[in-house]
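Working notes, beginning with the structure itself.
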Amino acid sequence: MSDAAGIYSSVWGDRSGYVFLSIRDPNKERGAKGYWRDLVFDWPNDHAKLDATVRKARRLDKDVYWSPGVYREPRRSRDVILDPNALWADLDVVDPKALPKPLKPSIAWETSPGRWQALWFLNDTVKPQTHENLNQRLTYAVGADKGGWDLTQVLRLPGTPNHKYPDLPIVQLLWSNGHKLDLQQLKEDLPDIRTLTVDRTTIDEPPNQSFVLSHHKIPSRAKVLIKARNAKVGTRSETLWELECLLAEAGLSAEEIVGVVRPTVWNKFTDRRDELRQLSTEARKAITHTRSLIAQVPDEPIASNGSAPETLEVVDEVTPLDWVTFDREHTAVRWMVAEIWGESEVGFISGLPKSYKSWIALDLGVSVATGTRFLNAFATRRHNVLLIQEEDPRPLIQERLAMVGGAKGLLGAEPNSDSTFDIWYGLPDNLYIISNQGFTINDEWLEQLEQWILQYDIKLVILDPLMMMGGENFDEFKAFDVMSKLLKPLKRLRADTQAAVVVVHHHTKASSQGGARDMYGSVALWAWEEAALHLTIMGTGKVQAERFSKHDLLVPLNIEIGEMSSTWAPKVSKTTTTSLYDVLSMMEDGATVEELSGFTGMSRDAVTRQLRSMKQDKQVIQSGTKQGATGRPSAVWRLIHE
């Protein structure tokens with residue numbers, strides 16, 4: 001107990017504020033009620049109460065953690081922490097005795113055999129933002145655990161037992177010498193985070209599974225997963241992550257986690273050349289993730305006198321922000337493609353077959369990658385682009401890209417005197433393409449996609465088409481499936497990466513109008529999209545694009561594709577009127593009342609009255625019928641051309 005009291009007394013000192021202990025019940029599964037509790041104390045007034053709580057936790061066989069920070073308010077959140085006077089780190093397997101003299105910790109303790117944590121006093125307090133930078137640089141410089149440097153980190157308390165191991169080792173204080181590091185010197189000496197070369201990403205030879213299991217107390221749920229012999233299709237990614245987190249919570253190192261999960265049926269990276277690298281990355285993510293899950297739903301706290309100290313649920317990642325804080329980094333809405341698509345927006349290019357959806361998507365990708373005009377009409381900002389195509393064969397995509405690129409001056413041919421041609425290329429190196437690789441919108445692929453976005457600094461992702469990316473057990477006709485399995489994950493991806501996402505999507509074959517209302521799963525899609533081009537076939541080589549934007553009212557576009565042989569040369573004009581005459585002039589095959597109502601926004605009665613008037617003026621004529629959305633034949637109206 002003297003170790004514990006000595007530690008937090010020396011760190012918190014005579015500062016006034018709120019401090020935290022965290023209590024973990026090793027007999028309960030993670031997430032269960034009472035598994036984790038944050039206890040808040042008014043320091044130094046509650047000093048005796050805090051000491052009594054630590055003693056009671058030991059008697060009840062609980063694990064005890066503490067936060068080195070002192071807070072202005074009774075919540076363990078980075079925005080209310082007082083300027084720290086120390087740095088800290090979870091050293092993991094880095095022995096503090098082996099650190100160079102300038103980086104010797106002021107306080108060091110052994111959490112379990114071969115694992116340590118430490119704290120470095122500073123000769124002055126430091127602003128929280130500066131603290132984060134210094135703490136991360138120190139962590140990386142000494143090779144400590146990369147998940148143990150954040151401002152609200154909790155550490156094991158010396159003098160208390162570690163229940164993650166069968167023999168219940170006591171967290172041992174190694175030394176506490178009060179030595180202080182010079183803050184200014186530290187800022188100069190610690191290497192910048194971008195220049196650090198500590199490489200602990202790949203585990204070359206993980207330990208044997210049986211050996212690891214014999215040296216750790218493993219949760220029952222993890223044992224069940226380890227012993228499983230069959231993996232249900234579509235569940236490996238989710239279950240592997242669950243198992244890795246359970247093992248991380250049990251105190252296993254990244255090396256030990258890899259050793260345990262590698263032989264299991266949940267190892268989705270089996271037989272891949274980068275198996276160990278992928279498993280190593282996941283193991284370290286699991287450790288970081290579980291250590292950040294400090295706040296669980298609070299239960300009745302341990303109290304020394306029946307009057308329980310206040311408990312709080314603390315979730316730093318999700319907290320209400322006052323307006324001033326929310327608007328501190330005000331970001332203006334910017335167009336990626338003028339009057340078409342905003343930066344970081346998600347939405348659709350949709351239409352019936354043969355409505356040039358994929359062509360227009362390719363033009364969009366090439367235009368953004370090169371900073372040239374989209375459809376030869378709309379200015380773009382130049383960004384890196386990732387195109388994922390799962391419908392058309394590679395040769396067809398190559399041919400179409402060549403035609404689009406040729407129209408933008410990216411490649412061409414010059415004749416020679418001997419009837420040969422010199423072909424030249426100016427293709428951009430920032431348009432990345434994945435073709436027919438089985439991309440599916442699931443956890444495994446989305447994790448890989450996020451890595452690509454960050455690695456290649458992608459600002460625009462094009463997915464073509466949505467219906468080919470749903471995977472097994474996906475029903476494109478169900479709004480719930482479309483929203484929960486496809487659209488919400490894509491929006492989370494956008495939130496994490498700030499990349500714009502363009503999804504190519506089909507309209508139903510029974511579509512009569514071709515607008516947004518005819519997309520598969522349309523009930524879910526309308527609410528999701530932030531930008532869109534909904535395409536309607538108006539005749540041979542002609543489409544109308546209904547533009548949608550959440551921050552502007554945009555009139556539809558008329559796009560004339562023309563007869564394509566070896567060139568791509570779309571011509572765009574904006575629709576400035578919704579008169580029936582203008583709409584019918586673009587529709588060589590005529591249109592029904594229902595279709596005209598959809599195109600113009602007029603009611604069916606208004607359309608019928610105007611058509612009758614136009615018929616009297618000998619502008620239109622009824623000619624034939626077509627099947628409408630209700631299944632009944634509807635009269636087709638056409639212009640009378642003189």
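The values are calculated or read from the model by the stated rules, or taken from the named source; none is laboratory data. Here the structure is a predicted model, which is why all the values come from computation and not from measurement. Please note: Cβ atoms are built from the backbone with ideal geometry, for glycine as well, and neighbour counts cover all protein chains shown.
Determine, yes or no, whether Asp429 is surrounded by 16 or more Cβ atoms within 10 Å (Cβ to Cβ) and not polar (S, T, N, Q). Judged against the criteria, Asp429 is not a match.
Hey, could you check the range 84-143 for residues that are of a type in the set (Lys, Arg) and under 29 Å from Arg72 (Cβ atoms) and say which is surrounded by the most Cβ atoms within 10 Å (Cβ to Cβ)?
Step one: list which residues in the range 84-143 are of a type in the set (Lys, Arg), which gives 97, 101, 104, 115, 127, 137.
Keeping just the survivors that are under 29 Å from Arg72 (Cβ atoms) gives 127, 137.
Values: Lys127: 10, Arg137: 21.
Going through the qualifying residues, I end up with Arg137.
Quick check, is Leu276 in contact with a Ser or Thr (Cβ under 8 Å, 6 or more places away or on another chain), among the aliphatic types (A, V, I, L, M) and outside any loop (DSSP other than H, G, I, E, B)?
Working: in contact with a Ser or Thr (Cβ under 8 Å, 6 or more places away or on another chain): yes; among the aliphatic types (A, V, I, L, M): yes; outside any loop (DSSP other than H, G, I, E, B): yes.
Yes: the conditions hold for Leu276.
Candidates are the residues of the range 139-168 that are part of a loop (DSSP other than H, G, I, E, B) and over 30 Å from Ala52 (Cβ atoms); the one that is modelled with the lowest pLDDT is Gly147.
Restricting attention to the range 377-420, the residues that are in contact with a Leu (Cβ under 9 Å, 6 or more places away or on another chain) and of a type in the set (Lys, Arg) add up to 1.
Restricting attention to the range 220-263, the residues being assigned to a loop (DSSP other than H, G, I, E, B), at pLDDT 85 or above and farther than 19 Å from Arg284 by Cβ number 1.
Tell me, yes or no, whether the range 412-422 has at least one residue that is of a type in the set (Gly, Ala, Ser) and under 25 Å from Leu463 (Cβ atoms). Explain how you work it out, then say what you get.
We begin by selecting, within the range 412-422, every residue of a type in the set (Gly, Ala, Ser); these are 412-413, 417, 419.
Narrowing further to those that are under 25 Å from Leu463 (Cβ atoms): none.
Scanning the range 412-422, I find no residue that is of a type in the set (Gly, Ala, Ser) and under 25 Å from Leu463 (Cβ atoms), so the answer is no.
Are there any strands (runs of 3 or more DSSP E) wholly within the range 498-614 with 1 or more residues that are within 21 Å of Glu339 (Cα to Cα), at pLDDT below 85 and within 40 Å of the chain's Cα centre (by Cα), and if so which? Output list reads 571-574. Annotation: of all residues in the range 393-404 being under 17 Å from Tyr356 (Cβ atoms) and of a type outside the set (A, V, I, L, M, F, W, C), the one that is surrounded by the fewest Cβ atoms within 10 Å (Cβ to Cβ) is Glu399.
In the range 169-182, what count of residues is obtained for those that are over 12 Å from Trp109 (Cα atoms) and at pLDDT 90 or above? Total meeting the criteria: 3. A search for C-beta distances below 7 Å between a residue of the range 448-459 that is part of a helix (DSSP H, G or I) and any residue that is of a type in the set (Asp, Glu), counting only pairs 6+ apart in sequence or on different chains, returns Glu450/Asp496. Within the span defined as the range 115-131, every residue fails to be assigned to a loop (DSSP other than H, G, I, E, B), touching a Gly at 6+ places or on another chain (Cβ under 8 Å) and in the same structural domain as Val11 (by TED's automatic domain parsing). Here Glu238 fulfils each of the conditions (1) more than 25 Å from the chain's Cα centre (by Cα); (2) touching a residue at least 40 places away in the same chain (Cβ under 8 Å); (3) surrounded by fewer than 19 Cβ atoms within 10 Å (Cβ to Cβ); (4) more than 19 Å from Asn162 (Cα to Cα) apart from (1).
In the condition set (1) touching a strand residue (DSSP E or B) at 6+ places or on another chain (Cβ under 6 Å); (2) surrounded by fewer than 16 Cβ atoms within 10 Å (Cβ to Cβ); (3) not in a strand (DSSP E or B), Glu414 is compliant with all but (3). Restrict the check to the range 340-361 and report whether at least one residue is more than 23 Å from Trp528 (Cβ to Cβ), assigned by TED's automatic domain parsing to the domain that holds Met467, in contact (Cβ under 8 Å) with a residue 40 or more places away in the chain and of a type in the set (A, V, I, L, M). Scanning the range 340-361, I find no residue that is more than 23 Å from Trp528 (Cβ to Cβ), assigned by TED's automatic domain parsing to the domain that holds Met467, in contact (Cβ under 8 Å) with a residue 40 or more places away in the chain and of a type in the set (A, V, I, L, M), so the answer is no. Report yes if Ser10 is within 22 Å of Leu183 (Cα to Cα), surrounded by fewer than 20 Cβ atoms within 10 Å (Cβ to Cβ) and either among the small types (Gly, Ala, Ser) or in contact (Cβ under 8 Å) with a residue 60 or more places away in the chain (or both), otherwise no. Yes; evaluated as a whole, the condition is true for this residue.
All but one of (1) without any contact (Cβ under 8 Å) to a residue 60 or more places away in the chain; (2) part of a strand (DSSP E or B) hold for Ile388; state the number of the condition that does not hold. Result: Ile388 passes all but (1). None of Gly438, Gly409, Gly470 is without any contact (Cβ under 8 Å) to a residue 40 or more places away in the chain and surrounded by fewer than 16 Cβ atoms within 10 Å (Cβ to Cβ) except Gly409.
Working only within the range 245-285, note down all residues that are over 22 Å from the mean Cα position of the chain (by Cα), among the hydroxyl-bearing types (Ser, Thr, Tyr) and crowded, with 18+ Cβ neighbours inside 10 Å. Those that are over 22 Å from the mean Cα position of the chain (by Cα), among the hydroxyl-bearing types (Ser, Thr, Tyr) and crowded, with 18+ Cβ neighbours inside 10 Å: Ser253, Thr264.
Against the condition at pLDDT 90 or above, under 32 Å from the mean Cα position of the chain (by Cα) and not in a loop (DSSP other than H, G, I, E, B), how does Gln136 come out, does it pass? Even if it seems obvious, please write down each step before you answer.
Details: at pLDDT 90 or above: no; under 32 Å from the mean Cα position of the chain (by Cα): yes; not in a loop (DSSP other than H, G, I, E, B): yes.
Criteria not met by Gln136.
Of the candidates Trp149, Trp175, the single residue that is under 23 Å from Glu73 (Cα atoms), assigned by TED's automatic domain parsing to the domain that holds Leu87 and aromatic (Phe, Trp, Tyr) is Trp149.
Looking only at the range 414-450, residues that are small (Gly, Ala, Ser) and either modelled with pLDDT of 90 or more or in contact with a helix residue (DSSP H, G or I) (Cβ under 9 Å, 6 or more places away or on another chain) (or both) come to 3 in all.
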